[in-house]
Amino acid sequence: MKDSVFQSVESQLGVFDGADDEKAIHDHSFCKTIAAKVQESDFPVECKQFGDAVSILKRHNSSNTNNPYSGMSPMDAADAKRAKDEGHLNNAQIKRRMTTKKNGRFY
């Protein structure tokens, strides 16, 4: 998997000429392209000198975590977490349920 990703990116950039991966040129554009496609453990050591490629890699890997409270203000997020732990609805859920039209009537 890792080798095929490297070879496909290298062929797109015109870097891969059939030689070994160690002989391939790890330039700035190659490292930025690889950073968006691989995990941190597969990222080449030669590419860690490019700061923006490393930031793309960290952003790519951190997007895997899904935080349901990310768009809320801190107090609303704390209220929503507490309501979920206690097993009841928070204020936003109550408001949404009471203002949504179902079957021709409001609840």
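The values are calculated or read from the model by the stated rules, or taken from the named source; none is laboratory data. Just so it is clear, the structure is predicted and the values come from calculations on it, not from any experiment. All Cβ positions, even for glycine, are placed from backbone atoms using ideal geometry, and neighbour counts span all protein chains on display. Ligands, DNA and RNA are excluded from the accessible area calculation, which covers all protein heavy atoms including side chains. Shrake-Rupley method; radii C 1.70, N 1.55, O 1.52, S 1.80 Å.
Values for this structure:
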{"quantity": "Residue in region 56-67 that is modelled with pLDDT under 85, hydroxyl-bearing (Ser, Thr, Tyr) and open to solvent by less than 60 Å² (accessible area, probe 1.4 Å) present", "calculated": "no"}
{"quantity": "Residue in region 5-16 that is open to solvent by less than 50 Å² (accessible area, probe 1.4 Å), at pLDDT 70 or above and either touching a strand residue (DSSP E or B) at 6+ places or on another chain (Cβ under 9 Å) or in a helix (DSSP H, G or I) (or both) present", "calculated": "no"}
